[in-house]
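This report refers to the structure that appears directly beneath it.
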Amino acid sequence: MKYEILYQGAFPLVKIELEKGENVKAESGAMVSMTPDIELKGTVDGGLMRGLGRMLSGEKFFFQELSATQGRGEVLLAPAAVGDVQAIELDGSYKLYVQKDGFLAGTNGIQVNTKMQNLMKGFLSGEGFFIVEISGSGTVFLSSYGAIHAVNLGPGEERIIDNGHLVAWPDYMNYTIEKASKGWISSITSGEAAVCRFRGEGVVLIQTRNPAGFASWIKTFLPK
């Protein structure tokens, strides 16, 4: 399978070339264009319980499955949000935790599940009690709101990240949820409230824009 990310930035397209017998799964509604040799169908992928779990994490119940059944074909995919797309290669040695709506597509061998966070992380992280868990071997395409920036942490190095800007992080990284400031009143009035403290070694992917912040900005223009 060959792929290319076109128009990287605010309005990317993912072009995937599939050989006969190859397939790729994508979030529902992601297909923009495909050649006649591609067969498109909806699938739960993993059964009813896994589909329900994805819904709890903010993802859609169904996936698209695009297969090259007749011969070599081409697929164009795009996310719903205005933002970047990045391809991550997984070798099966670790899992990737992803924000809701962050999964765009994955090659054969990629599994999309959910992981339940503990009560404190679920309540304060902004991601809810369930987050997307991606595992397996293959290529996964992640989408964001805004550009994707990689924060590289060395062993023992720490970084505080606003939870609304998280995109993805590996399961072997430690992180805690804490107040943005010393006190809760100061944290809330600062506009940050809770933040995530990550400890390396590892790479955390963040997005340059916050969907909740954008929604609040839009509300100021709506008639009351």
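The values are calculated or read from the model by the stated rules, or taken from the named source; none is laboratory data. Since the structure is predicted, the reported quantities are computational estimates derived from the model, not experimental observations. Glycine also receives a Cβ, built like all others from the backbone with ideal geometry; neighbour counts cover every protein chain displayed.
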Next on the checklist: Just the residues that are touching a strand residue (DSSP E or B) at 6+ places or on another chain (Cβ under 8 Å), over 15 Å from GLY164 (Cα atoms), modelled with pLDDT of 85 or more and not hydrophobic (A, V, I, L, M, F, W, C), please, taken from the stretch 93-114.
Outcome noted: TYR94, LYS95, GLY106, THR107, ASN108, GLY109, GLN111, ASN113
Next on the checklist: One residue is enough: does the stretch 115-132 have a residue meeting the conditions modelled with pLDDT of 90 or more and either buried (at least 18 other Cβ atoms within 10 Å of the Cβ) or closer than 18 Å to PRO211 by Cβ (or both)?
Outcome noted: no
Checklist entry - Restricting attention to the stretch 61-76, does a residue exist that is among the aromatic types (Phe, Trp, Tyr) and at pLDDT 95 or above? => result no
Checklist entry - Do we have any residue at all in the stretch 20-32 that's closer than 12 Å to VAL85 by Cα and not hydrophobic (A, V, I, L, M, F, W, C)? => result no
Checklist entry - Looking at (1) farther than 26 Å from GLU27 by Cα; (2) at pLDDT 90 or above; (3) assigned to a strand (DSSP E or B), can you tell me which one VAL140 breaks? => result (1)
Next on the checklist: Condition first: of a type in the set (S, T, N, Q) and surrounded by 14 or more Cβ atoms within 10 Å (Cβ to Cβ). Now tell me which residues in the stretch 133-175 satisfy that.
Outcome noted: SER135, SER137, THR139, SER143, SER144, ASN163
Next on the checklist: Checking the structure you have, find out if any residue of the stretch 86-105 is among the small types (Gly, Ala, Ser) and under 19 Å from THR35 (Cα atoms).
Outcome noted: yes
